[in-house]
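J.: Structure in structure tokens, see below.
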Amino acid sequence: MKTLRLKPGKERSMQRRHPWVFESAIARGGADSGETVRVESHDGAFLAWAAFSPISKIRARAWSFVETQRIDAAFLASVCERAVRARGLFDLQSDGVRLIHGEADGLPGLIVDRYGDTLVAQFLSAGVERWKDVLVDALLKATGLTKFYERSDASGREREGLKPVTGWLRGEGATEITIREHDWKLSLDIATGHKTGFYLDQRDSRQRFAELAKHRRFRRVLNCFCYTGGFTVAALAGLKAAGALDGAELVSVDSSQPALNFARANIALNGFGGEGSGVKTEFLDANVNTVLREFVDQGRTFDAIVLDPPKFAPTAAHAERAARAYKDINRLALKILEPGGVLLTFSCSGGISADLFHKIVASAGLDANVDGYISERLGVAPDHPMTIEFPEGEYLKGLVVVRKPA
């Protein structure tokens, strides 16, 4: 077994069961891409079994911190089975579920989502790439499914020296899938959609928005970076439950026309919109910043606004530039939010901490001359867990801001 020997003092994070070994921590040792290595402290004490990546800054990712553990097909199958079983602990209210969440489930670099009868995965590290066939078979066995699609086309693979790969790994079928979520349905395309096809991590936030719409009976709703319209559908579902659809106006904005096509389809799929519905739905293929500025100039206001932008800061190194972008969109949104109105604002950037995001939104409020209550904090759905040992797993931060009444 090949060995990585760490520099003095660099063993502390692994002793706390943090799964990453950075290039700068290694004194000597190496291996082939994805090969299992023994990680030792500077004095030879065992720390972990890990998968080696020869070009990544994260040079090794831990499989196990148990010295007697053998890293083989049986071990990986047991980890997959445990992760799938763990999802039964949560009341998820959907047949779209995150089954494997990378480091949190002991499979660093592996993301697996279930959409109905189909599994979709991203293999984003050298270790899981090396064990791909074993992992695919183990997950199909654990779920009893037969269809498995690969979406390993994320930028993270480049940092591991891996080329993008997409397509069916087992079985075949249509890539357009409709899932059930709470009291509504959502369609997506696993071949072309973002990530593995959809943002399952916002499931609970969409449900919360539906509850707010039901309680507050919003008349004008703006969904920015709407993607396939999940928050728009949720708002409509809440308004329907309140008997408040008639006269409501919902504006959905995204810079992707294919995404907006899905948004329109999802509105129709759930029986909203169309002649005689009493609801006005508007879809804008445009830059969100441009639209927000136009609404400010027009004096157009909204009772509820959702800001769910893409990842502005993948790492802490991008935080300063990202902070300016987050501040700008929140400043503009607060300007067009009615007194008493509700803003749901999010950051999915790992490089932006929850504390920093709060400060960014507070600064945006000062610049907009708007004061508000933070009534709730939102985060990922429970099938996207963060573990005690891996705080980097906390990537999605959300705030519910209520503008103070005039």
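J.: Under a cut-off of 12 Å between alpha-carbon atoms, report the aspartates and glutamates in cross-link reach of LYS280, not counting same-chain residues fewer than 8 places apart.
T.: ASP246, GLU249
J.: Next question. Taking the Cα centroid of segment 176-192 and of segment 18-64, what is the distance between the two, rounded to the nearest whole Å?
T.: Going from one Cα centre to the other spans 39 Å.
J.: Can you work out ³J(HN,Hα) from phi for every residue in segment 207-217, in order, using Karplus 6.51 cos²θ - 1.76 cosθ + 1.60 and θ = phi - 60°, giving whole Hz and x for Gly and Pro?
T.: So the Karplus estimates, Gly and Pro as x, are 4, 5, 5, 4, 5, 5, 5, 5, 6, 8, 6 Hz.
J.: Which entries in the list LYS214/LYS359; LYS57/LYS327; LYS327/LYS397; LYS185/LYS240 go over 20 Å, if you measure between the two C-alpha atoms of each?
T.: LYS214/LYS359; LYS57/LYS327
J.: Report, in degrees rounded to the nearest 10, the 0 to 90 angle that the Cα long axis of helix 132-143 makes with the longest principal axis of the chain.
T.: Orientation of helix 132-143: about 60 degrees from the principal axis.
J.: What accessible area, in Å² to the nearest ten, does a 1.4 Å probe give for GLU23?
T.: 90 Å²
J.: Could you sort SER24, SER94 by accessible area so the largest value comes first, with the probe set to 1.4 Å?
T.: Sorted descending by solvent-accessible area, the residues read SER24, SER94.
J.: Would you please give the residues with an amide H less than 5 Å from that of PHE225, counting only those at least 5 places away or on a separate chain, with H modeled from the backbone geometry?
T.: When sequence neighbours closer than 5 places are left aside, the close amide H contacts are VAL253.
J.: Which translational diffusion coefficient, to the nearest whole µm²/s, is obtained for segment 244-370 from the Stokes-Einstein equation, given a Kirkwood hydrodynamic radius over C-alpha pairs, 20 °C and 1.002 mPa s?
T.: Calculated translational D: 135 µm²/s.
J.: Which angle from 0 to 90°, rounded to the nearest 10, does the C-alpha axis of helix 73-86 make with the longest principal axis of the chain?
T.: 30 degrees
J.: Enter the mean projected area of the convex hull around the alpha-carbon atoms of segment 3-49, in nm², rounded to one decimal.
T.: Dividing the Cα hull surface by four gives the mean projection, 2.9 nm².
J.: Does anyone have the angle between helix 319-335 and the longest principal axis of the chain? Alpha-carbon axes, 0 to 90°, nearest 10?
T.: It is inclined by approximately 20 degrees.
J.: A further question follows. Over the heavy atoms of LYS335, what accessible area does a 1.4 Å probe trace out, to the nearest 10 Å²?
T.: Looks like 90 Å² after rounding.
J.: Further question: Cα centroids of segment 295-334 and segment 354-406: how far apart, whole angstrom?
T.: A separation of 12 Å, based on Cα centres.
J.: Chymotrypsin sites (Phe, Trp or Tyr not before Pro), restricted to segment 1-107: which are DSSP loop and have at most 14 other Cβ atoms within 10 Å?
T.: Listed in order of number, the matching sites are PHE90.
J.: How much of GLU249 can a 1.4 Å solvent probe reach, expressed as accessible area in Å² and rounded to 10?
T.: 60 Å²
J.: May I ask what percent, to the nearest 5, of DSSP beta bridges between residues of the chain are antiparallel?
T.: Of those bridges, close to 65 percent are antiparallel.
J.: If you take the Cα Rg of segment 327-406 and divide it by 2.2 N^0.38 Å, with N the number of residues, what do you get?
T.: That works out to 1.17 for segment 327-406.
J.: Arrange the residues ILE100, ILE177 by how much accessible surface each exposes, largest first, with a 1.4 angstrom probe.
T.: I get ILE177, ILE100, largest accessible area first.
J.: Another question, then. Once the Cα gyration tensor of the chain is diagonalised, what are the square roots of 5 times its eigenvalues, in whole Å and ordered largest first, as equivalent ellipsoid semi-axes?
T.: 41, 25, 17
J.: Compute the Rg to Rh ratio over segment 58-191 from the alpha carbon atoms, using the Kirkwood formula for Rh, and round to two decimal places.
T.: Result for segment 58-191 is an Rg/Rh of 0.97.
J.: Just reorder VAL233, VAL380 by solvent-accessible area, largest first, 1.4 Å probe, all chains present.
T.: Correct descending sequence by accessible area is VAL380, VAL233.
J.: Just order 137-148, 342-353 by mean Cβ neighbour count inside 10 Å, highest at the front, would you?
T.: My ranking of the peptides, most packed first, is 342-353, 137-148.
J.: Can you list the lysines whose alpha carbon is less than 19 Å from that of LYS141, not counting same-chain residues fewer than 8 positions off?
T.: LYS132
J.: Let me ask something else. If amide H atoms are built 1.01 Å from N in the plane of the peptide, which residues on other chains or at least 5 residues away come under 5 Å of the amide H of ARG59?
T.: It is VAL21, PHE22, GLU23, by chain and number.
The values are calculated or read from the model by the stated rules, or taken from the named source; none is laboratory data. Quick caveat, the model's predicted, so the values are computed rather than measured. Neighbour counts run over all protein chains shown; Cβ positions are idealised from the backbone, glycine included. Please note that ligands, DNA and RNA were not included when accessible areas were found on the heavy atoms of the full protein model with its side chains. Shrake-Rupley method; radii C 1.70, N 1.55, O 1.52, S 1.80 Å.
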